[in-house]
Amino acid sequence: MDAQPARFPERLLVAIGGNATHPQDIRGTTEEQLKVAADAALALMPLMTACKQLVVTHGNGPVVGKILLRQFHARQLVAPMRLDVCVADSQGGIGYLLTQAMENVLARAGNPRLVACVLTEVEVDRDDPAFSAPSKPIGPFFSADDARALAGTGWQMMQDCGRGWRLAVPSPEPKSIVNFPIIQTLAGEGWIVVAAGGGGIPVVRAADGSRSGIQAVVDKDLTSGLLARALGIEHLLILTSVSRVAIRFRKPAERWLDQVTAAEMRHYQAEGHFGKGSMEPKVEAAIRFLQAGGKRVVIAHLDEAVAALRGDTGTHIVPD
């Protein structure tokens, strides 16, 4: 499908889901991840040439979960890293692959545009109630038997939308983007910016202004909406592993949503249609973004980014 740049917004934030950057059907080898990054870059290429300001965020759930799993099995040989460092590790690795893939497709097209990956810290409140109620599922899926065994070692496990059991960690609200001035400057000068990977590295601030990491994972979609609002970007594209949002998902009366208002989505959310570990945070981020003045949120499959922005597919959420 050929691009029609005039129909794309000049300023756009694209949030790529963790399951889109690391699908469930791969082992996670470097070669597999390189191919996934290359495919993502090709899908985004029309936007990289058409949007004057383009910021890309990404999830890290499967990857940071595998980092924790490696640490668990190697804990007798190698000292484990704290969770915030694991987030930084995954942010750097995924950001490296995406940045390189995006620069490669630009170079092959003869486009001189530059891509920068910003290691991003996000401030959270150390008293956030999320720390006493871990609810963010990360990492690979486990059977019920394996989950029980891991729970016996101190891991907190949770059922994720009927797909299996995953590790549950605290997910506090993002308060501010620590590295915002750098992201704003680069985006304003026309660089494509990859930032806030995995929702950002969670940090807390002391009375003297100093920062330190804290063990948590910040939701990528909530951080993406916060970053877009701070930048004054009015269009948010959330790319995942499904083409549209559904209500009564995987049930007999399942219905896919095309265009809906924020109020309608809030109603569906209150009815419990969206999974806590999958679609619910995307819907919540979309509603907050629109309530703060955003013009449109599109939720679509990564491979259909261009078609979704044209209105041919995806779920389009608009202000009331």
Value of [θ]222 nm, deg cm²/dmol, for the chain, DSSP H segments ≥ 4, -39500 (n - 2.57) each, nearest 500: -11500 deg cm²/dmol
For the chain, averaging the sequence separation of alpha carbon pairs under 8 Å that lie six or more residues apart and dividing by its residue count, the contact order in percent is 22
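Just flag the trypsin sites (Lys or Arg not before Pro) in the range 177-275 sitting in loop per DSSP whose Cβ has no more than 10 other Cβ atoms within 10 Å.
Details: sites: R205, R211, K220, R229, R244, R248, R250, R255, R266; in loops: R244, R248, R250.
Filter output for the range 177-275: R250.
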For the range 5-318, share of DSSP beta bridges that run antiparallel, in % to the nearest 5: 40
Three principal axis lengths of the range 239-316 [C-alpha, angstrom, descending]: 29, 29, 20
If each of R266 and K251 carries a label point 7 Å out from its Cα toward its Cβ, how far apart are those two points in nm? 2.2
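Could you tell me the ratio Rg/Rh of the range 58-128? Both radii from Cα atoms, Rh via Kirkwood.
Computed over Cα atoms, the ratio is 1.12.
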Relative counts (whole %) of C-alpha pair distances in the range 140-191, using bins that are 5 Å wide: 4, 17, 17, 10, 7, 7, 9, 12, 10, 5, 1
Under the rule of at least 5 residues apart or a separate chain, name every residue whose amide H is placed under 5 Å from the amide H of I16. T57, H58, G59, L239
Rg and Dmax of the range 191-293, using alpha carbons, in Å: what are they? 16.1, 56
Return, for the Cα atoms of the chain, the radius of gyration and Dmax in Å, separated by a comma. 18.9, 57
Only sites in a loop by DSSP and with at most 14 other Cβ atoms within 10 Å count here; which GluC sites (Glu not before Pro) in the range 183-284 make the cut? E189, E254, E271
Read phi for every residue in the range 113-123 and hand back ³J(HN,Hα) as whole Hz from Karplus 6.51 cos²θ - 1.76 cosθ + 1.60, θ = phi - 60°, with x for Gly and Pro. 4, 9, 10, 10, 9, 9, 5, 10, 9, 10, 7
Links that overshoot a 28 Å alpha carbon limit, given the list K35/K251; K175/K282; K35/K282; K35/K295: K35/K251; K35/K295
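Only the coordinates and a few stated rules stand behind these numbers; no lab work does. Just so it is clear, the model here is predicted, and its values are computed rather than measured. So basically every Cβ, Gly included, is an ideal-geometry build from the backbone, and we count neighbours across all protein chains shown.
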